[in-house]
Amino acid sequence: MGIIIAIDGVVSAGKSTTARLLARALGYRHLDTGAMYRALTLAATRRQVPPVAGPELESLLGRVHIELAPEGGVLLDGEDVGEDIRQPQITRSVGAYADLPLVRRAMVEAQKKMGAQGGVVAEGRDMGSVVFPQAQLKVRLVADLEARTRRRFDELKAKGVAISLEQVREDIRRRDREDQERDYGPQGPPAGVIEVDTTAMSIAEQVAHLAALARQRGA
Ligand code: DC
């Protein structure tokens with residue numbers, strides 16, 4: 001048992017790390033829905049099924065088995081694809097699949113089932129609006145552009161990626177623009193969403209803050 005926590009936010013606000021650590025702190029499951037869209041994209045890419053609504057993609061959606069392992073990690077038909085779904089090729093093409101209504105319908109249905117029992121930290125843009133409108137806690141993480149640029153830059157540097165601070169900043173700006181239309185659509189953010197500005201917070205502080213909010217709501 002437990003409550004449903006929906007987490008959403010801007011690019012590089014620390015959504016995934018915060019959601020993962022919050023789930024661990026509460027003993028909840030982390031529903032990384034972006035990983036599900038990525039796994040589907042990987043399956044389609046491997047089978048050369050383009051992001052076009054039609055029988056090919058429909059059939060693929062009916063056949064693939066995407067599972068989020070309780071300890072983290074993503075299984076595609078039983079295979080651990082946690083690394084493969086983070087490859088740049090998948091990151092570039094996932095948006096085209098995630099924009100298709102037939103893909104969203106299938107994913108939303110699977111996610112509703114996964115969270116039906118409660119005790120989940122569900123991460124993704126439509127968690128508080130479409131998948132879990134009944135969530136007891138809905139959070140949107142935001143942070144200013146410079147803080148996000150610095151975090152992303154440090155992350156990439158640690159991975160050995162050669163990129164300038166300016167390039168990182170431009171990339172975040174571009175993704176912000178792309179997200180603006182998609183995020184909530186014309187209806188705006190769901191009722192009751194709490195915006196948390198993480199500009200001056202460490203990851204540990206973000207997690208502690210969200211855990212306190214969750215406990216106020218019955219976690
Ligand atoms: O959070 P991420 O980068 O792993 O998400 C991968 C892609 O899936 C990204 O283009 C956003 C999209 N996505 C979505 O449309 N709906 C969700 N609930 C989660 C992710």
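The values are calculated or read from the model by the stated rules, or taken from the named source; none is laboratory data. All values reported here derive from a predicted model rather than from experimental measurement. Positions of Cβ are generated from backbone atoms using ideal geometry, with glycine treated the same way; all protein chains shown enter the neighbour counts. Ligands, DNA and RNA are excluded from the accessible area calculation, which covers all protein heavy atoms including side chains. Shrake-Rupley method; radii C 1.70, N 1.55, O 1.52, S 1.80 Å.
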All conditions in (1) away from the ligand (no atom under 11 Å from the Cβ); (2) surrounded by fewer than 24 Cβ atoms within 10 Å (Cβ to Cβ) are true of Ile5 except (2)
Does the stretch 66-80 hold any residues that are modelled with pLDDT of 95 or more, surrounded by 12 or more Cβ atoms within 10 Å (Cβ to Cβ) and in a loop (DSSP other than H, G, I, E, B), and which are they?
Asp77
Exception for Ala122 within (1) within 12 Å of the ligand (Cβ to nearest atom); (2) surrounded by fewer than 19 Cβ atoms within 10 Å (Cβ to Cβ); (3) in a strand (DSSP E or B) falls at (2)
Test of understanding: among Gly115, Gly128, which residue is over 15 Å from Ala44 (Cα atoms), crowded, with 22+ Cβ neighbours inside 10 Å and within 11 Å of the ligand (Cβ to nearest atom)?
Gly128
Contact list, first residue from the stretch 131-151 and without any contact (Cβ under 8 Å) to a residue 60 or more places away in the chain, second anywhere and within 15 Å of the ligand (Cβ to nearest atom) and open to solvent by 10 Å² or more (accessible area, probe 1.4 Å), beta-carbon distance below 7 Å, six or more apart or interchain, is Pro133/Pro190
Leading residue by the ranking (nearest to the ligand (Cβ to nearest atom)) among those in the stretch 22-65 that are closer than 15 Å to Ala122 by Cβ and of a type in the set (A, V, I, L, M)
Ala35
